[in-house]
1. Considering only residues that are exposed (fewer than 12 other Cβ atoms within 10 Å of the Cβ) and touching a residue at least 12 places away in the same chain (Cβ under 8 Å), which ones fall in region A:79-108?
2. Suppose we filter region B:32-43 for residues that are within 17 Å of residue B:22 (Cβ to Cβ) and open to solvent by 20 Å² or more (accessible area, probe 1.4 Å); how many remain?
3. With the checklist (1) of a type outside the set (D, E, K, R); (2) more than 11 Å from ligand 1 (Cβ to nearest atom); (3) within 23 Å of residue B:457 (Cβ to Cβ); (4) in contact (Cβ under 8 Å) with a residue 24 or more places away in the chain in hand, flag the one item residue B:398 doesn't pass.
4. For region B:13-28, which residues satisfy the criterion of being farther than 10 Å from residue B:367 by Cα and either open to solvent by less than 40 Å² (accessible area, probe 1.4 Å) or in contact with a Cys (Cβ under 6 Å, 6 or more places away or on another chain) (or both)?
5. Limited to region B:277-311, what total is found for residues that are more than 30 Å from the chain's Cα centre (by Cα) and open to solvent by 80 Å² or more (accessible area, probe 1.4 Å)?
6. Residues that are assigned to a loop (DSSP other than H, G, I, E, B) and touching an Asp or Glu at 6+ places or on another chain (Cβ under 8 Å): does region B:293-300 have at least one?
7. Exactly one of these conditions fails for residue B:200: (1) more than 13 Å from residue B:141 (Cα to Cα); (2) open to solvent by 10 Å² or more (accessible area, probe 1.4 Å). Give me its number.
8. State whether one or more residues within region B:149-156 are more than 14 Å from chain A (Cβ to nearest Cβ), touching a residue at least 24 places away in the same chain (Cβ under 8 Å) and exposed (fewer than 14 other Cβ atoms within 10 Å of the Cβ).
Amino acid sequence: MRHTVSVLVENKFGVLARISTLFAARGFNIDSLSVSETEEPAISRMTIVVKGGAYILEQVTKQLNKLVDVIKVTDFKDTEYVERSLALIKINMTKSTQNELIKLIGIFRARIEDISQNSVTVEMTGNENKINAFVKTVMPYGIKETCRTSVVALGRGHTIKIKEKRNG
Amino acid sequence: MADGYARSTGKPGVCIATSGPGATNIVTGLAAAYMDSVPMVAITGQVATNVIGQDAFQEADTTGITRPVTKHNFLVKDVKDLARTIKEAFYIATTGRPGPVLVDIPIDVQRGICEFIYPEKIEIRSYKPTYEGHSGQIKKAVDIINNSERPVFYIGAGVIASNAEKEIIEISKKADIPVTNTLLAVGAYPPDTNLSLGMLGMHGTFCANKAVQAADVIIAVGARFDDRCTGKVCDFAKKAEIIHIDIDPTAISKVVDVDIPVVGDAKTVLKEMSATIEKKERKDWIKTIDGWKAEHPLSYDRNDDKLHPQYVIEKISELTKGEAIIATEVGQHQMWSAQYYKAKYPRLFLSSGGLGAMGFGYPAGIGAKFGNPDKEVIVIAGDGSFQMNMQEMAVAILNDIDVKVAILNNQYLGNVRQWQEMFYGKRYSHSCLAKRKKCPKWCNTPSRDKCPVYVPDFVKWAESYGALGIRVTDKKDVVPALKKMLEAKASIVLDIWVEIEENIFPMVPVGASLDDIITRMNG
Ligand SMILES: Cc1ncc(C[n+]2csc(CCOP(=O)(O)OP(=O)(O)O)c2C)c(N)n1
Ligand SMILES: [Mg+2]
């Protein structure tokens, strides 16, 4: 199963290394990871996507929590949340396919960022499924290059308060 | 040394190493302390902050290298942070589940000058260990225990770390609950009492392994279901509901699915439980256990006149009344020590459990003596392991530290040889420590008379440091030599030539279930 986990950490040197070391050492696979500052500059938020069953997820959250620099770990498993990533996709485009492609891009609410003689570069934000669906749809035209960011996510409605954490 | 000091005193041990090679040399020591949750603070030197990252002389990425083997580590880049960081290091090392913390200090920070402000109290918002157990969970656990017929305590190092031995004794007596311990918890429960089962697992006692497999409730306290304890996990304690009390949430349901987890400090949780645990006699259960104890007690050939290694440890145990601190190396001698040394109290048996680091014992013994100058400290060493850190004798001699060493010299990396004998068709490969080029390639018929001269000569080696060395080759000389060792107020090494091909039993082979315990060779 795919899980999106949000981790609030001290914005300190070496924290990313601690987290990636932990995943490597325990044999957990990171599907995607993003780090950014939060509204409070001393705190960063990491959004980590992991695949695995209940056991893996439980271990991932507990092990993350155990790190001294980790303030709060939230698994979005049981909550409503918004998840986005961004993709840049360069697609083959000829005179004859131009109309169709531009229509498709419109339907998926993607944005054209660049057009050259035989290609179009599209920017698209959305959840992974939406981006995957778009990529699949335009595949027949020939994809020249793609580049995707990792996932960022926030819970809907409620705010995750930075409160006391419990660990060992 | 810092590790031995910490394990034997309960206070954090401190070690200092220089940058680069000094720092890389302490990695094994840190890993051993981390695996066994030993509170330690390691301080390493680092190159100046302005040259970090330039491959400067004796530079190593110390925080990078030690990250996976420490509870936490710090690189201090500003002298103003130094005092607070040191305080934090001790705080983290000694609270929650203890562990080693490393502080890497660049030379310019070491020499920097600032006003000394040492914080009174440490508050780290991202680090708050849980000490109190959840009362609902505690109630559930107590109900299960009260309704059980065949409960077993399975106690580990966490019991010693939280000084919970009294609570275990109290509850076990009140409710007739037998107790088995891990290697690290030798001494946490009074040995040879009617409720004591001895050690669990691969080289644990027959009765402990039987009891766990037959139990209807396992109460694990500060133990982490190490594979050496559980054997084949899916066959472990199949009939039992499992209660697990541990301060570290990651330890829970990591290996074995736990029915009732209680996260918290062992002593605090047990105290709360003990009030509602019913006084109860479990006569049938104890009778069954007594049967197992009688069926296969720990045994070796006591009646022949061969010099069995177990005999040496039994005598050490008798002569010291189980009140001396024992530090072991790693191998067969370690397991025999755990089986035959009857440590009366916690913190008397020091051994590298999780990492199983040969070379641990001798420095640990020296550290223990620093921390306990009035106690007898004896290192029980293997002839292989001892060679890994025997140079530390310089520290002992220079500081007048009288640590006694009993080498159980079996001319082999005995533990490895035993596996080669039992599981690899007696093909002894690179396990004989006397083997020379001229020896037959597949020699598996060692004998003291025919084999080449053993190196080093431990007696001469000890003498070269100004210590005393005594060789013992005969069973009848063991007790006099041990007495001499105990009377001496000096560093002394006994090179005891024990039976070469003695094996440790009982044994649960790797990957086998605890039910498949082998009590003797050939049945
Ligand atoms: C540093 C290290 N290297 C290798 C091992 C694997 N190992 C475990 S026991 C053992 C043999 C130990 O020999 P010795 O110290 O003579 O003890 P004995 O088993 O003979 O009592 C070895 C090589 C280890 N535990 N630690
Ligand atoms: Mg040996």
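The values are calculated or read from the model by the stated rules, or taken from the named source; none is laboratory data. These numbers were taken from a predicted model, which means no experiment stands behind them. Positions of Cβ are generated from backbone atoms using ideal geometry, with glycine treated the same way; all protein chains shown enter the neighbour counts. The accessibility values were calculated without ligands, DNA or RNA, using every heavy atom of the protein model including side chains. Shrake-Rupley method; radii C 1.70, N 1.55, O 1.52, S 1.80 Å.
1. Those that are exposed (fewer than 12 other Cβ atoms within 10 Å of the Cβ) and touching a residue at least 12 places away in the same chain (Cβ under 8 Å): A:80, A:82.
2. The number of residues fulfilling the criteria is 1.
3. Going through the list (1) of a type outside the set (D, E, K, R); (2) more than 11 Å from ligand 1 (Cβ to nearest atom); (3) within 23 Å of residue B:457 (Cβ to Cβ); (4) in contact (Cβ under 8 Å) with a residue 24 or more places away in the chain, residue B:398 breaks only (4).
4. B:15, B:17, B:19, B:20, B:22, B:23, B:26, B:27
5. 8
6. Checked against the condition, which is being assigned to a loop (DSSP other than H, G, I, E, B) and touching an Asp or Glu at 6+ places or on another chain (Cβ under 8 Å), region B:293-300 yields at least one hit.
7. (2)
8. Within region B:149-156, one or more residues are more than 14 Å from chain A (Cβ to nearest Cβ), touching a residue at least 24 places away in the same chain (Cβ under 8 Å) and exposed (fewer than 14 other Cβ atoms within 10 Å of the Cβ).
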